[in-house]
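Trainee: Before I ask anything, here is the structure I am working with.
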Amino acid sequence: MRPWWLLASASLLIAAAPDAAPVVVTDAGQVRGTASDGVEAFLAIPYAAPPVGALRWRPPQPATRWSGVREAGAIGPDCIQAREASDPRPIAEDCLTANVWRPAGHRGAALPVVVWIHGGAYVAGGSSDPQTRGEAFAHDGIVAVTFNYRLGRLGFFGFPALSAEHPEEAKGNYGLLDQIAALQWVKRNIAAFGGDPRRVTVMGESAGGESVLLLAGSPLARGLFARAIVQSGGGAAPLLGRRLLHEDAAGGVSAEKAGLAFAASAGIEGGDAASLARLRALPASRINDGLSMISLVFDGLARFTGPIEDGRVVTADADRALAARRDALPLLIGTTDADLGLNRAMTKDEAFAAFADPAAARAAYDPGGQGALPAINTLIGADRSMTEPARRIARITAERNAPAWRYRFGYVATPIRGKPVPGAEHASDVAYAFGTIRVAYPNGLTPEDIETQRLFHSYLAQFIKTGDPNGTGLPGWPRVGKDGEPLMDFTRDAKAVAGPDPWRARLDLTAGARQ
């Protein structure tokens, strides 16, 4: 069977025959896009200068202006990451580009905007993923934007000499600073593409979803977006764990210490400016060598920090930062029903001992006493890192008197039914959100698959347009109250059903254990 990305790329190339060549003037110069099937696309537009050489581990700098018209008809390289040899999509350190899709020929009022932040545990992913192209949103009358941001140690890194140079700059969270720069680019330029900079929704999944929450709580991102959609983004605790930039008073492990350890592994001792210069001279592939989503499962913070609590970009965990805001953003948040769970208990007794009431936890997670430990660990881990945090963030939003809607995505595509999957796995809702399930599953789709895509995508499009997912032809989706209820369930039989969360008692146990 040919890889999904090859099948998808071929179909997109066939569909991309240009009808016209639209030109837009951005603040750095003119770009020429492509037009096909009622959608205009402008791809690989630089939103910041290439973060190379002396700009490695610096906040993103303004893009260099260009003369003439820049061709913007092809997706650019993703940021440096580990990739299978069979995957031909290019990667580069020069990767800070954005892509825009809009309805062709629109000349009316400014359109709502959605900006996508990709997932990948901060070490993988990018805007080349054909499942996250913006054509379906453009057909809905929405301007869609995707972009790349620095990953791995190129995006999240602490080092003593870095902390010392340019003391006025934020340190460590270069990938998050890229995200902020991309949103600033949108604010400055999206009107030229027909979008409304006052109606920007930021949407992300997994690490991208956590990024949305971290940006919503960051003072540096205030005013850059008006609404948020979070898919499996955690929220009440960091997905990967997080380190401080410097040592704390209790001697906690810092990002600087992790940076020194990486430098030593590359034969570079010490944390002075000369050592930093040698690090900047290393090939970008060496900086991120060995970092992958699989390696993080087993090695975690021993190899990579992820977002760093630096006091400027990230001031606290997402739930505390959002609770401290004087205002709150309209929010649509949810998870899949077989989401990512990384609990590592070695026995059932150990797994249940983390709860305030181990007996109640045992009854909830292993009611018959015959459950397999890996399955129990996955359930507990998913509840702890994804499902209960999503409920908590929804509650915080409701407590601030802002509208919030919560979902659980349980639909499994027909082509993969019968395979050993317990339900809708982590990230399986992304293609439904973008209306690209034909890319994810080129063969064997049924009317039920298409109907689930229609429902899920339509709710998201309506939220992006109005701040409320409810619309004509859609089952009613009630707002979340201060108890985190109700829940919209996208079920196995292609329906959207609102009601009390059947997992509520289990999630209450998880909330007690976490606190």
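The values are calculated or read from the model by the stated rules, or taken from the named source; none is laboratory data. From a predicted model like this one, the values you see are computed outputs, not experimental measurements. Note: ideal-geometry Cβ built from the backbone for every residue, glycine included; neighbour counts use all protein chains shown.
Trainee: Could you tell me whether segment 221-240 includes any residue that is assigned to a strand (DSSP E or B) and modelled with pLDDT under 95? Let's see the steps before the verdict.
Mentor: Looking only at segment 221-240, we keep the residues that are assigned to a strand (DSSP E or B), and these are 227-231.
Okay, now just the ones that are also modelled with pLDDT under 95, so none.
Checked against the condition, which is being assigned to a strand (DSSP E or B) and modelled with pLDDT under 95, segment 221-240 yields no hits at all.
Trainee: I'd like the full set of residues that are farther than 30 Å from L291 by Cα, assigned to a loop (DSSP other than H, G, I, E, B) and modelled with pLDDT of 95 or more, limited to segment 103-144.
Mentor: A104, A110, D140, G141, I142
Trainee: Next question, about the same structure. Confirm whether D493 is touching a strand residue (DSSP E or B) at 6+ places or on another chain (Cβ under 8 Å) and assigned to a loop (DSSP other than H, G, I, E, B). Full working, then the answer.
Mentor: On the way: touching a strand residue (DSSP E or B) at 6+ places or on another chain (Cβ under 8 Å): no; assigned to a loop (DSSP other than H, G, I, E, B): yes.
It is false that D493 is touching a strand residue (DSSP E or B) at 6+ places or on another chain (Cβ under 8 Å) and assigned to a loop (DSSP other than H, G, I, E, B).
Trainee: Let me ask something else about it. Name the pairs whose Cβ atoms lie under 8 Å apart, with the first residue in segment 268-291 and under 15 Å from R153 (Cα atoms), the second crowded, with 16+ Cβ neighbours inside 10 Å and polar (S, T, N, Q), and 6 or more positions between them or separate chains?
Mentor: Qualifying pairs under 8 Å: N288/Q81; L291/Q81.
This table checks each residue for (1) touching a Cys at 6+ places or on another chain (Cβ under 6 Å); (2) crowded, with 23+ Cβ neighbours inside 10 Å; (3) outside the structural domain of R280 (by TED's automatic domain parsing); (4) charged (D, E, K, R).
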site: A54; (1), (2), (3), (4): no, no, no, no
site: P59; (1), (2), (3), (4): no, no, no, no
site: W66; (1), (2), (3), (4): no, no, no, no
site: A85; (1), (2), (3), (4): no, no, no, no
site: E93; (1), (2), (3), (4): no, no, no, yes
site: W101; (1), (2), (3), (4): no, yes, no, no
site: S127; (1), (2), (3), (4): no, yes, no, no
site: T132; (1), (2), (3), (4): no, yes, no, no
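Trainee: I would also like to ask the following. Do you know which residues across segment 468-501 are over 23 Å from the mean Cα position of the chain (by Cα) and among the β-branched types (V, I, T)?
Mentor: Passing the criteria: T472, T491, V497.
Trainee: Touching an Asp or Glu at 6+ places or on another chain (Cβ under 6 Å), in the same structural domain as T201 (by TED's automatic domain parsing) and closer than 23 Å to A274 by Cβ: does that describe P167?
Mentor: Details: touching an Asp or Glu at 6+ places or on another chain (Cβ under 6 Å): no; in the same structural domain as T201 (by TED's automatic domain parsing): yes; closer than 23 Å to A274 by Cβ: yes.
In short, no.
Trainee: Sticking with this structure for a sec: Any residue at all in segment 64-86 that is at pLDDT below 95, within 30 Å of L279 (Cβ to Cβ), among the charged types (D, E, K, R) and in contact with a strand residue (DSSP E or B) (Cβ under 9 Å, 6 or more places away or on another chain)?
Mentor: Narrowing segment 64-86 to residues at pLDDT below 95: 82-86.
Filter once more, so that each one left must be within 30 Å of L279 (Cβ to Cβ): 82-85.
Remaining after also requiring among the charged types (D, E, K, R): 83-84.
Now restrict to residues that are in contact with a strand residue (DSSP E or B) (Cβ under 9 Å, 6 or more places away or on another chain): 83.
Yes, segment 64-86 contains a residue that is at pLDDT below 95, within 30 Å of L279 (Cβ to Cβ), among the charged types (D, E, K, R) and in contact with a strand residue (DSSP E or B) (Cβ under 9 Å, 6 or more places away or on another chain).
Trainee: Could you list, ordered by first residue, the pairs with Cβ atoms under 6 Å in which the first is in segment 496-515 and closer than 13 Å to R406 by Cα and the second is polar (S, T, N, Q) and assigned to a loop (DSSP other than H, G, I, E, B), at least 6 apart or interchain?
Mentor: Hits for this filter: V497/T491.
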